[in-house]
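Working notes, beginning with the structure itself.
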Amino acid sequence: MSVIVVLIGASLLVATGFLIAYLWAVKSGQYDDKYTPSVRILFDEEKKSEVRNKKSENMNRK
Amino acid sequence: MEQLEIIERKTDTKFYCFHCGDECPDDIIHIDEKIFCCNGCKTVYEILNGSNLCNYYSIDQNPGITRKHHIKRNYDFLNDADLKLKLIDYTDGKRTQITFDIPQMHCSSCIWILENLYKLNAGIISSKVNFLQKKIFISYSEETTSLKKIVELLDSIGYEPQLNLDNHKEENIKSLYKNLYYKIGIAGFCFGNIMLLSFPEYLSIDVTGHDELKKIFAYLNIILALPVFFYSASGYFISAWKGLKKKFVNIDVPLALGIAVLFFRSIIDIVFMHGAGYLDSLAGLVFFLLTGKLFQNKTYETLNFERNYKSYFPIAVTIQNGKNETTIPVEKLKIGDRLIIRNNELVPADSILIKGNAHIDYGFVTGESMPINRVNGEMIYAGGKQIGSAIEVETIKEVSQSYLTQLWNNKAFRKEQEHEQESRITSFANTVSKYFTAIVLLLAVIAALIWYNNMTLAFNAFTAVLIVACPCALALSTPFALGNTLRIFGRNKFYLKNTFIIEKLAAINSIVFDKTGTITENNSSSVVFTGDELNESEKVLVKSAVRNSTHPLSKAVFNFINSKITKNIDLYDEQTGKGIYAVIDGNEIKLGSKIFVNRAPKQFDDEYSTKVFLSINGAAKGYFNITNKYRNGLSETISELEHNYELALLSGDNEGEKEKLRNFFGADNELHFRQSPHNKLDFILQLQKNGKKVLMIGDGLNDAGALKQSDVGISISDNTNNFSPACDGILDSQSFSLLKDFIKFSTLSMRIIFSSFILSLVYNLIGLGFAFQGTLSPLIAAILMPLSSISAVVFTTVLTNVLAKRQGLI
């Protein structure tokens, strides 16, 4: 049964890891703005979009 | 894609601006096959196009902000070192960080362009947007650019920042929020783990032979409970202590008592009696309570309930310095300075007119709807807005000592802190908790006395009563019921500062309305023409004549006449305060006051209503009667509220519409006219002295004192991002007709809290049954406590939603 003690210890350790991750997320301001990042992620990087535009132009020509 | 869109739109013969999406007038401005409504919009397009930033137009359709009404401002004052220090967040001499409020932000394109500012100005190191708060955080290099250049850049692309000197309060709220998140995270973590470790107890697993294991679990629980007790729950102890120090039992007192008893009883149980303790109940309780707090603390980030006059006044003014014009921060304004006030600018301090045609709109200060003319040497009060050409004034008072701003020296504004305290005292939960705590303590003593011959059992019974009677259901039903009500109101465009306001709103018995802008609509008036009917060509003449005038009355007449063509004017003369004289195609047109038009009218004339007389070629045609338009649903609102509340009207305007208003308000309610901001404040104070709980509904700065003094002050706003003085709640003008429903619903939510309180008492009674017998096992506590908490939450949330649906609020 003493294996349970080890298991509990391990599970607590993992859980503490997640708790620390959560606390870090709050501290680094990830909960300050819950909307803008959802929009920001959809913006194309400038270079990529230029490439894509060219591609689509080429496509149109073809 | 955009090209297609434009072609499609072209076919329905209407043109829309590529930049802002507004309908374009006849004369179209072209560039790159794109159409613009004005040169301003075109310029912004050119700036963006020049830096390859046309992505802006592909993220959202016509994302731009129209530049038609844009007034170019001089930002020289931003070079002032003192002022700059007040505006920026941080600087090390090379790199500076600053936060701007940008209310114009409205779509994804805005976020994109504002985060790509570095492409427009190489000195900008980074810019980050918080869309919900409509803020942008910019860090820039002092060597390559300056604050002034950045503000000018933002202005040039349509995002003029709202420069404001007092917006540092928000930081506190933010850190409070963060703390709450930490506390909930830790409480949740510990709650989960303690429950896991308590599982053998829940399932009554036989652990004989594994005493070691049981001990380890129990001690682990204690370790996990420590951060919950000392950190997560700390707020309740602090608040309870603060309350007790002021000889006042708030809801946190019985809560803190319950939490403390749970903790110490559990430790004694585990250490001395080899029991399991109630630590799972403790962690669960704290976790639920904190969740309730988070739910209750819903704030409207874009709204600002604490604005004072400084938010409206310009932070800089143009002064005449010898022959040069310079801009200085308004704080440095001295008595005797010569100011230049341009079209649509506010006069920041009481002054005397030196030069120019002053045409001052006091709508915001006094509530008078029509601009007033002033001649040289006359006084202009601070807060007046010049309409028309630039004027020159000399200040005679300091900004803070001016007529309007003096209102802020009133004690109503200084008592803010006490006010907050007071709001806690009056809440339902606090009122109940006073008696609740006393009764619980009494019961605990009785329980201990019953078992006086058995010390252990007496101790068990005593603590069990305190644990069971912990008013967690009451403490949870209030935040959830009121938090939900706050959200329901918010969905209907009625935004409250916090949940305490709902309780206060439920308790009011007297309602005071402001007139202009509150029960009348802003910027819209109803026009009636009385006299000989005008034929088509006469209509064209009149419309052409008023076209060039900026006077609100001219604009009202212009909008009233529905003829499409206008003609060129051969001769035009607008005399301030009198009227317009225009010659078109040889026809003489006179529009204006009775004397100016020079014809005694045949019709009955009362001096207060606003009339514009018309004569064409010397022949009197009649007059346009221009009156305020009342908000939709006003009469229903008043007639419903009349039954239960004492109503009153305070207007800064003249008695012109008294008769009309009587029809709305009935014979019993008080109507007061020509009320100064101070009169309004005093009126509220008088009502309160007579024991009334007053709800004040206003809009302008002139109502600020009354809004502050009243028990609940609600300001009405056409654009919730813009003007609203310090108040408890902001009501979008579209939702005015729902006002009666809001008030009714706030009383309903208080009733819901009350019923939920009764429900929680039932749980307490069941628990007390166990407690008195000294048989409250950890298992029963672990079931009973979360059950009562969750049922209180479900009960209040469901009931508020059901009732809101029945009221038509969702």
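Scan region B:414-458 for residues that are within 49 Å of the chain's Cα centre (by Cα), of a type outside the set (Val, Ile, Thr) and either more than 26 Å from residue B:250 (Cβ to Cβ) or at pLDDT 75 or above (or both) and report the count.
The qualifying residues number 12.
Quick check: anything in region B:744-760 surrounded by fewer than 21 Cβ atoms within 10 Å (Cβ to Cβ), outside the structural domain of residue B:802 (by TED's automatic domain parsing) and within 18 Å of the chain's Cα centre (by Cα)?
Checked region B:744-760: no residue is surrounded by fewer than 21 Cβ atoms within 10 Å (Cβ to Cβ), outside the structural domain of residue B:802 (by TED's automatic domain parsing) and within 18 Å of the chain's Cα centre (by Cα).
With respect to residue B:516, is the statement that it is open to solvent by 40 Å² or more (accessible area, probe 1.4 Å), touching a Gly at 6+ places or on another chain (Cβ under 8 Å) and among the β-branched types (Val, Ile, Thr) true?
Numbers: open to solvent by 40 Å² or more (accessible area, probe 1.4 Å): no; touching a Gly at 6+ places or on another chain (Cβ under 8 Å): yes; among the β-branched types (Val, Ile, Thr): yes.
Taking the combined requirement at face value, the residue does not satisfy it.
Taking the stated definitions as given, is residue B:176 over 24 Å from the mean Cα position of the chain (by Cα), part of a helix (DSSP H, G or I) and at pLDDT below 90? Steps first, please.
On the way: over 24 Å from the mean Cα position of the chain (by Cα): no; part of a helix (DSSP H, G or I): yes; at pLDDT below 90: yes.
No.
Outside the structural domain of residue B:477 (by TED's automatic domain parsing), open to solvent by less than 10 Å² (accessible area, probe 1.4 Å) and either part of a helix (DSSP H, G or I) or more than 30 Å from residue B:521 (Cα to Cα) (or both): is that true of residue B:765 in this structure?
In short, no.
Taking only region B:49-75 into account, find how many residues are at pLDDT 80 or above and under 20 Å from residue B:346 (Cα atoms).
So the count comes out to 1.
So that you can scan it fast, the table gives a plain yes or no per residue for (1) touching a Lys or Arg at 6+ places or on another chain (Cβ under 8 Å); (2) touching a residue at least 60 places away in the same chain (Cβ under 8 Å); (3) assigned to a loop (DSSP other than H, G, I, E, B):
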site: B:495; (1), (2), (3): no, yes, no
site: B:501; (1), (2), (3): no, yes, no
site: B:504; (1), (2), (3): yes, yes, no
site: B:526; (1), (2), (3): yes, yes, no
site: B:537; (1), (2), (3): no, no, no
site: B:542; (1), (2), (3): no, yes, no
site: B:556; (1), (2), (3): no, yes, no
site: B:559; (1), (2), (3): no, no, no
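Looking at (1) touching a residue at least 24 places away in the same chain (Cβ under 8 Å); (2) assigned to a helix (DSSP H, G or I), which one does residue B:256 not meet, given that it meets all the others?
(1)
Just one of the numbered conditions (1) touching a Leu at 6+ places or on another chain (Cβ under 7 Å); (2) touching a residue at least 24 places away in the same chain (Cβ under 8 Å); (3) buried (at least 18 other Cβ atoms within 10 Å of the Cβ); (4) not assigned by TED's automatic domain parsing to the domain that holds residue B:289 is not true of residue B:127; which one?
(2)
What pairs come up if the first residue lies in region B:335-350 and is within 17 Å of residue B:324 (Cβ to Cβ), the second is at pLDDT below 80, and their beta carbons are under 7 Å apart, counting only those six or more places apart or on different chains?
If the second residue must be at pLDDT below 80, the pairs left are B:340/B:325.
Can you tell me which residue is modelled with the highest pLDDT among those in region B:584-602 that are touching a strand residue (DSSP E or B) at 6+ places or on another chain (Cβ under 6 Å) and open to solvent by 50 Å² or more (accessible area, probe 1.4 Å)?
Looking at residues that are touching a strand residue (DSSP E or B) at 6+ places or on another chain (Cβ under 6 Å) and open to solvent by 50 Å² or more (accessible area, probe 1.4 Å), I get B:590.
Being closer than 24 Å to residue B:677 by Cβ and crowded, with 21+ Cβ neighbours inside 10 Å is the filter here, so list the residues in region B:621-630 that pass it.
B:628
Identify, please: which residue in region B:517-531 is at pLDDT below 80 and farther than 14 Å from residue B:736 by Cβ and is, among those, nearest to the chain's Cα centre (by Cα)?
Selected residue: B:523.
In the set B:500, B:513, which member is in contact with a helix residue (DSSP H, G or I) (Cβ under 8 Å, 6 or more places away or on another chain) and modelled with pLDDT of 80 or more? Outline the logic, then answer.
Working: B:513 fails: in contact with a helix residue (DSSP H, G or I) (Cβ under 8 Å, 6 or more places away or on another chain).
None of the other options fit; the residue is B:500.
For residue B:218, indicate whether it is open to solvent by less than 30 Å² (accessible area, probe 1.4 Å) and more than 25 Å from residue A:31 (Cβ to Cβ). Give the derivation first.
On the way: open to solvent by less than 30 Å² (accessible area, probe 1.4 Å): yes; more than 25 Å from residue A:31 (Cβ to Cβ): yes.
The answer is yes for residue B:218.
Within region B:108-137, can you find the residues that are part of a loop (DSSP other than H, G, I, E, B), of a type in the set (A, V, I, L, M, F, W, C) and modelled with pLDDT of 85 or more? Give the steps one after another, and end with the answer.
Quick first cut of region B:108-137, residues part of a loop (DSSP other than H, G, I, E, B) only: B:116, B:120-123, B:131-134.
The next check asks that each one be of a type in the set (A, V, I, L, M, F, W, C); those that pass are B:120, B:122, B:131-132.
Once the filter is applied, which keeps residues that are part of a loop (DSSP other than H, G, I, E, B), of a type in the set (A, V, I, L, M, F, W, C) and modelled with pLDDT of 85 or more, region B:108-137 yields B:120, B:122, B:131.
Taking into account only those residues within region B:44-69 that are open to solvent by 10 Å² or more (accessible area, probe 1.4 Å) and in contact with a strand residue (DSSP E or B) (Cβ under 8 Å, 6 or more places away or on another chain), which is farthest from residue B:118 (Cα to Cα)?
Going through the qualifying residues, I end up with B:62.
Condition first: exposed (fewer than 14 other Cβ atoms within 10 Å of the Cβ) and touching a helix residue (DSSP H, G or I) at 6+ places or on another chain (Cβ under 6 Å). Now tell me which residues in region B:223-248 satisfy that.
Passing the criteria: none in range.
When you scan region B:657-740 for strands (runs of 3 or more DSSP E) that lie fully inside it, which ones turn up with 3 or more residues that are open to solvent by less than 40 Å² (accessible area, probe 1.4 Å) and among the charged types (D, E, K, R)?
Numbers: elements: B:670-672, B:694-698, B:712-717, B:729-732.
Strands (runs of 3 or more DSSP E) meeting the threshold: none at all.
Just for region B:86-107: of the residues that are of a type in the set (A, V, I, L, M, F, W, C) and either assigned to a helix (DSSP H, G or I) or in contact (Cβ under 8 Å) with a residue 60 or more places away in the chain (or both), which one is nearest to the other protein chains (Cβ to nearest Cβ)? Working first, answer last.
Keep residues of region B:86-107 that are of a type in the set (A, V, I, L, M, F, W, C), which gives B:87-88, B:98, B:100, B:102, B:105, B:107.
So of that shortlist, the ones also either assigned to a helix (DSSP H, G or I) or in contact (Cβ under 8 Å) with a residue 60 or more places away in the chain (or both) come out as B:87, B:100, B:102.
Numbers: B:87: 21, B:100: 15, B:102: 13 Å.
Residue satisfying both the conditions and the ranking: B:102.
The values are calculated or read from the model by the stated rules, or taken from the named source; none is laboratory data. Because the structure is predicted, anything quoted here is derived from the model rather than measured. With ideal geometry, Cβ positions are generated from the backbone for all residues, glycine too; neighbour counts draw on all protein chains shown. We work out accessible area using only protein heavy atoms, side chains counted, and drop any ligands, DNA or RNA first. Shrake-Rupley method; radii C 1.70, N 1.55, O 1.52, S 1.80 Å.
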